[in-house]
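Structure, as structure tokens:
The values are calculated or read from the model by the stated rules, or taken from the named source; none is laboratory data. As the structure is a prediction and not an experimental result, all values here were calculated from the model. Every residue, glycine as well, gets a Cβ built from its backbone with ideal geometry; the counts of neighbours run over all protein chains shown. To get the accessible areas, we keep the full protein, side chains included, count just its heavy atoms, and leave off ligands, DNA and RNA. Shrake-Rupley method; radii C 1.70, N 1.55, O 1.52, S 1.80 Å.
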Amino acid sequence: MRYRTLGGTGIEVSVHCLGTMMFGAVGNPDHEDSVRIIQTALDRGINFVDTADMYSTGESEEIVGKALKGRRDDVVLATKVHFPLHDGSRNQSGNSRRWITRAVEDSLRRLDTDWIDLYQVHRPDHSTDIEETLWVMSDLVSQGKIRAFGCSAFPAEEMVEAYHVSERRGYGRFRTDQPPYSMISRGIERSVLPTCRRLGMGVLTYSPLAWGFLSGKIRKDHPIDLTTGRAALAPHRFDPSLPANAAKYDAVERLMEVAEGIGVTLPELALSFVTTHPAVTSVINGPRTMDQLEGLLKAADLILDDAVLDQIDEIVPPGTDLYEADAAWQPRSLTDLAQRRRPAADR
């Protein structure tokens, strides 16, 4: 296992980070099995574990807490805050001081720990001034409840804004970003990754298998069950009858040929590709079973040469998105019609 320094924190983390979204009710409900998977990952050299309060409504954090008993000092533990844990709860979501102050205590309790190494705001919150978010996060550092804080899926311009607010107000600043990144979702190469490098931020990427598109199980001209798994959550993203999906399936077939040409699996190729970018510190792997973990760990030893990377660039050019990487959040500049269309009388 290789290790890299996480941004300017001085914290060394494994290049492969264990994601825990699939531990709990939405993935693997067997706590003992999930604990074994986490501990096996630690035994194999992974020292970086990422979770979130909303994963299985807090159950994932509880499982992680069980797995880290007796090993807490050896692990860099990251979790996230933003999404509501229960429908209809007012003021129990977002990035406000009121909610973060409550949510961090709940996460500490579920994780059974006195501190969180990296506390991340899971998504932007345009109803809360970024100054308030940075203010409360800085206070949590001073109180010793967290060691550093970061953001997730922030546009480049909002990371720059947060940086300048931190400088102007004397607050701590985002030390990391957690964006989606894969061989078929490369849009962040245009501005997000260069901005992170310029600001000295560490980057831990998620969805390296593009919601399963790069798992090797979703193939062109092969039957696809749209009623189970991730395909059931968003059938339109996988439906081969939709013209917009054709380029994804074609790219997967060509990437499969690249993987076979060097004697590795498509997931191994996908994971190694992500870690090649100079802005990326660590890639998050989110297994549900022990077999999936073993398959993902094989990529830890794989280093791609320029010839292979050139082939990938030919299939999916740098900065190109063939796949909608983040279905959970879209900026208001896209979702709010008033921000995209002039009033009828002013057109």
**OP:** Scan segment 44-74 for residues that are among the polar types (S, T, N, Q) and over 17 Å from residue 287 (Cα atoms) and jot them down.
**Re:** 57
**OP:** Return yes or no: is residue 147 farther than 18 Å from residue 99 by Cβ, part of a strand (DSSP E or B) and open to solvent by 20 Å² or more (accessible area, probe 1.4 Å)?
**Re:** yes
Subject >> Residues of segment 309-342 classified as part of a loop (DSSP other than H, G, I, E, B), modelled with pLDDT of 90 or more and open to solvent by 50 Å² or more (accessible area, probe 1.4 Å), total >> reply: 2
Subject >> Looking only at segment 158-183, and only at residues there that are open to solvent by less than 20 Å² (accessible area, probe 1.4 Å) and part of a helix (DSSP H, G or I), the one that is farthest from residue 333 (Cα to Cα) >> reply: 166
**OP:** List every residue pair whose Cβ atoms lie under 6 Å apart, where the two residues are 6 or more positions apart in sequence or sit on different chains, the first residue falls within segment 297-320 and is more than 21 Å from residue 284 (Cα to Cα), and the second residue, located anywhere, is in a helix (DSSP H, G or I) and open to solvent by 80 Å² or more (accessible area, probe 1.4 Å).
**Re:** 315/254
**OP:** Search segment 1-17 for residues being part of a loop (DSSP other than H, G, I, E, B) and within 25 Å of residue 295 (Cβ to Cβ), and hand back the single one that is modelled with the highest pLDDT.
**Re:** 15
Original post:
Counting only residues that are among the polar types (S, T, N, Q) and within 24 Å of residue 153 (Cα to Cα), which one in segment 272-308 is most open to solvent (accessible area, probe 1.4 Å)?
Top reply: 276
**OP:** Return yes or no: is residue 224 of a type in the set (A, V, I, L, M), in contact with a Phe, Trp or Tyr (Cβ under 9 Å, 6 or more places away or on another chain) and part of a loop (DSSP other than H, G, I, E, B)?
**Re:** yes
Subject >> Residue satisfying all of: in segment 184-216; outside any helix (DSSP H, G or I), over 25 Å from residue 47 (Cα atoms) and in contact (Cβ under 8 Å) with a residue 60 or more places away in the chain; most open to solvent (accessible area, probe 1.4 Å) among these >> reply: 190
**OP:** Say whether the condition of being more than 25 Å from residue 121 (Cβ to Cβ), out of contact with any Gly (no Cβ under 8 Å at 6 or more places or on another chain) and of a type outside the set (Val, Ile, Thr) is met by at least one residue in segment 75-87.
**Re:** no
Original post:
With respect to residue 125, is the statement that it is surrounded by fewer than 17 Cβ atoms within 10 Å (Cβ to Cβ) and more than 13 Å from residue 53 (Cβ to Cβ) true?
Top reply: no
**OP:** State all residues of segment 251-285 that are outside any helix (DSSP H, G or I) and closer than 29 Å to residue 176 by Cβ; if no residue qualifies, say none.
**Re:** 264, 265, 277, 278, 279, 280, 281, 282, 283, 284, 285
**OP:** Find the residue count for segment 1-36, including only residues that are aliphatic (A, V, I, L, M) and surrounded by 24 or more Cβ atoms within 10 Å (Cβ to Cβ).
**Re:** 3
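Please specify each residue of segment 109-139 satisfying the condition of being of a type in the set (Asp, Glu) and touching a strand residue (DSSP E or B) at 6+ places or on another chain (Cβ under 8 Å).
Listed by number, the list holds a single entry, 117.
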Subject >> Of all residues making up segment 239-260, the number that are surrounded by fewer than 18 Cβ atoms within 10 Å (Cβ to Cβ) and in contact with a helix residue (DSSP H, G or I) (Cβ under 8 Å, 6 or more places away or on another chain) >> reply: 5
Original post:
Exactly one of (1) farther than 26 Å from residue 335 by Cβ; (2) surrounded by fewer than 22 Cβ atoms within 10 Å (Cβ to Cβ) is unmet by residue 118. Its number?
Top reply: (2)
